[in-house]
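Data block below; observations after.
The values are calculated or read from the model by the stated rules, or taken from the named source; none is laboratory data. Everything quoted here is computed from the prediction, not taken from an experiment. Here Cβ is always computed from backbone atoms with ideal geometry, including for glycine, and neighbour counts include all displayed protein chains.
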Amino acid sequence: MVDGGCWYLLDRGLTCQSGLGLYEPVDGKVIFGAWVDSATAGTPNAFQTAGGDSPSLFNTRLGLNAGAFQLSQNLPVNISQYDHSKLTANLTLIEATKTGIYIVAISPYRTLTPIIESSDAILFLTVYPTSFVDGVYTDDDIASLAYQLSNITDPSLSSRRVMLRFAPEMNGYWFSYGLQPVKFVSEWKRIVTAVRAVTNRVAFVWSPNSGNLYPFGATKPSNATEAAALDTNNNGELDNGDDPYTPYWPGAEYVDWVGISLYWKGNIDTGTPPHDNSASPTDYWTQMVQGGPDGSNTAFPFYTMFADKYSIPLVMSEGGAAFALFQGPTNTTLPVNAGQITIEQTFWRSYLSTTVFSTYPKAKMFFNFEYAKYDEDATKDAQGNYIDDGVTRDYRITWDPSTLAAFKSDVASLSSTLQWAVNFVGGIDPLTIAGGQTPQSSTASISGTATAAATKSAAQSVGSSAFAIFFLLGLFF
C-alpha cells in the first residue's frame, strides 16, 4: 500500500518510498551538507584567515546546492550584551539560499528583485545546553526553543525542514554536560516531549562522539549513579571496555536519526597533538563507525547497534580531515607531507563511496566541518590556563582551489546518488510527502543555481508566504 505522501510523488512521476524516517531520503540517495564558519571574518594569525563564510558562499564555491546546513545555539539562549536580544541561530544565513524575494529596496527607495539561487536545504540545528545543573535552563527556555522551531518549520512561514541535535558528543568530557548518561537521557526526553507537544516537524538527532580512544582520557565521575551507568563491564573503572554509547540511549521512540562525530587529525603515534599531515586509512569512516584497528572498539559497532537494529537513518553530524598548518606558540610552519588534497580526499572517499552506501544503506547524510581552527588541542599549565601551543588546522574542502577541484570531480562521479537541495517552492508541506522530503526525481538537477525563469516561477509561487518569511526574519526595517 502506498501512503498519501507517495501518491503526491508518484502522480508526478517522481521517486517515492514509504516507511522512511522524518526527512530521510529514499534508499540509494544520500545528502551532503556543511557546517560553515559564519563568524565575523578574522585573521587568527598572520597566515590563516577564518570566518566570513555562509551557506550561499559555500554553494557558490561548490557550484551545487548542499542538501543541509548546520547552525548552532545554546540553551538557554545567549543574550547580546549590546541590545539584549536573544542570540538564536542566524536563520537569515540559510534563508538566503531560498528562492524568493531578495530585498534590494522597499518604499520609495527600495524595490524587490528576484534572486537566482534556490535551495530547500535542511536546517540542522545543534543546541548546546550550558550544563545539566538543575535550573540552568527552565521549562520556559525549552518552550521558547519549541516555538522557535515551530515557526521555522511552519509551512506558512519559513517552511524550513529542521533536524535538532541536542547535547551532542555527550559521551566525552569536553562539554559540561558530558559523562552524565542518566541525566542526559532524562533531559533528552524532556526536550523531545516539549518540542513534540508544539510541532511534529522536527527530526531529533541523537549524536555521540565516535568511540575511538574512549573514554578519551577521562576518569569515572564522582556521582555514583552516573559512574555506575557508565561502568558497563562492571569492573569498577571507566575504560575502553565500557560501552561508549548505550548508557546514553533514550529509546528509539525518542530518536528520528542517529548521528556521530568523527575526525582525522593525524597519526597520534607521531605526537600529541597530532600534526604529522598523514592521510587516514582508506576505510577510516567504516573503522570509526563499526570498529577497526585504527578506529573504534569493534565490540561496539555503532551502525549495527543503532541504525541497523532500529532501522533509523544515520548522519555523520560533523567530520573532517585536518591539514595541519602551524604549531604554536611560534606558529612554526609544519611539513605538508601527504598534502592537503590527499589528506582531505582520502577522508571524504572513506564515506562518499558506493561501497559504503551499499554496505551501510541507512547512512543517509554527511556533514563536512568547513572550518579552519586556530590553536586546537592546546595544553594547560599548572594553573589550568591554556598554553598557546596548539595546532592551526584546516578542515575545509572548498577553500583551497586544488582540493575543491578534486572534491568536485569525485562528487560528479556520484551524481546519481547524492541528493542536492532543489528549488524552494512556498506552500508545500513536507509532511504531506513521504519521508518529509520535498519533490525529488531520480535524476534531479545538481545545478548550483536556478535559472532565472525557474527562479521567477518559484518566486511567484511563494506569493504572500515570502513576505511572512521576511517579517519572521525581521528584514523589513
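When you go through (1) within 30 Å of THR379 (Cα to Cα); (2) at pLDDT 95 or above; (3) in a loop (DSSP other than H, G, I, E, B) one by one for THR330, which number turns out not to apply?
(2)
In the stretch 393-421, what residues are outside any loop (DSSP other than H, G, I, E, B), of a type outside the set (A, V, I, L, M), within 30 Å of THR332 (Cα to Cα) and under 22 Å from the mean Cα position of the chain (by Cα)?
Selection gives ARG393, ASP394, THR403, PHE407.
Looking at the stretch 395-404, can you tell me whether even one residue there is free of Cβ contacts under 8 Å to residues at least 24 places away in the same chain and not hydrophobic (A, V, I, L, M, F, W, C)?
Yes; the residues of the stretch 395-404 include at least one that is free of Cβ contacts under 8 Å to residues at least 24 places away in the same chain and not hydrophobic (A, V, I, L, M, F, W, C).
Go over the candidates ALA279, ALA363, ALA338, ALA372 one by one and state the one that is touching a strand residue (DSSP E or B) at 6+ places or on another chain (Cβ under 6 Å) and either free of Cβ contacts under 8 Å to residues at least 40 places away in the same chain or more than 18 Å from TRP206 (Cα to Cα) (or both).
ALA372 is the lone residue from the list that is touching a strand residue (DSSP E or B) at 6+ places or on another chain (Cβ under 6 Å) and either free of Cβ contacts under 8 Å to residues at least 40 places away in the same chain or more than 18 Å from TRP206 (Cα to Cα) (or both).
Tally time: how many residues in the stretch 253-271 are closer than 24 Å to ASP294 by Cβ and surrounded by fewer than 19 Cβ atoms within 10 Å (Cβ to Cβ)?
Number satisfying all stated conditions: 5.
If only one of THR111, THR99, THR130 is touching a Phe, Trp or Tyr at 6+ places or on another chain (Cβ under 9 Å), modelled with pLDDT under 80 and over 18 Å from ARG196 (Cα atoms), which one is it?
THR99
Among the listed residues PRO301, PRO274, PRO250, which satisfies the condition of being surrounded by fewer than 22 Cβ atoms within 10 Å (Cβ to Cβ), farther than 24 Å from VAL205 by Cβ and either of a type outside the set (Val, Ile, Thr) or touching a Leu at 6+ places or on another chain (Cβ under 6 Å) (or both)?
When all the criteria are applied, what remains is PRO274.
Do we find a residue being over 19 Å from the mean Cα position of the chain (by Cα), modelled with pLDDT of 95 or more and part of a strand (DSSP E or B) anywhere in the stretch 294-305?
Within the stretch 294-305, not a single residue is over 19 Å from the mean Cα position of the chain (by Cα), modelled with pLDDT of 95 or more and part of a strand (DSSP E or B).
Are any residues in the stretch 221-237 free of Cβ contacts under 8 Å to residues at least 40 places away in the same chain and not small (Gly, Ala, Ser), and if so, which ones?
ASP231, THR232, ASN233, ASN234, ASN235, GLU237
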